[in-house]
Amino acid sequence: MRAKINANYFIVMTDNKINILYVDDEVNNLTSFKAMFRVKYNVFTAISADDAMKIMETQPIEIIVTDQRMPNMTGVEFLEKVLEKYPEPMRILLTGYADMNAVIDAVNKGKIFHYLSKPWNEEELDSTIQRAFDVYKQAQDMKNLSEKLVVSNDQLEFLLRQKLLS
């Protein structure tokens, strides 16, 4: 989106909202989630794991929120599949059932950030999303710093070799 200042200059306005993908096989839940959070976040919704993967191929997703009980693929199975291609987004699992095995699988296999029960509490879910994004941002910052450190080390090595050769 661009805002026009005058005939010759434009200022680029960027959207700094967190990109969230919510996956659930219940249309009412998708609609409710989007209605609750669309003002604060960029919300992408998918009715199946396959649809969610298609979204992830085209959109940079930072937070994934998924229901556990879905046909064809559970939330944990979906998160395992996501990890293979997209390890960086933070993962939150929702379930309406007190299934301890699902929670254990989610932690061990899906590497979830947090587990919440359904129906969700809007404040608790929002707070969890914010904390997950803080962890995501820290990981991204560490990755960027590590990349810069590698470049700096390579440059220092080059300079050292140059000095030794002269």
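The values are calculated or read from the model by the stated rules, or taken from the named source; none is laboratory data. Quick caveat: nothing in here was measured; it's all calculated off a predicted structure. Cβ coordinates were reconstructed from backbone atoms using ideal geometry, including for glycine residues, and neighbour counts include every protein chain displayed.
Observations, loosely collected:
Matching residues to (1) under 24 Å from Trp120 (Cα atoms); (2) at pLDDT below 90; (3) of a type in the set (S, T, N, Q); (4) over 16 Å from the mean Cα position of the chain (by Cα):
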position: Tyr9; (1), (2), (3), (4): no, yes, no, yes
position: Asn28; (1), (2), (3), (4): yes, no, yes, yes
position: Phe44; (1), (2), (3), (4): yes, no, no, no
position: Lys54; (1), (2), (3), (4): no, no, no, no
position: Glu57; (1), (2), (3), (4): no, no, no, no
position: Ile63; (1), (2), (3), (4): yes, no, no, no
position: Asp67; (1), (2), (3), (4): yes, no, no, no
position: Tyr86; (1), (2), (3), (4): no, no, no, no
position: Met100; (1), (2), (3), (4): yes, yes, no, yes
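- Pair list, Cβ under 6 Å, 6 or more apart: segment 21-44 residue over 17 Å from Gly75 (Cβ atoms), other residue in a helix (DSSP H, G or I) and among the charged types (D, E, K, R): Met36/Glu122; Val43/Lys34
- Out of Glu147, Glu123, one residue alone is surrounded by fewer than 10 Cβ atoms within 10 Å (Cβ to Cβ), over 21 Å from Gly75 (Cα atoms), under 23 Å from the mean Cα position of the chain (by Cα) and of a type in the set (D, E, K, R). It is Glu123.
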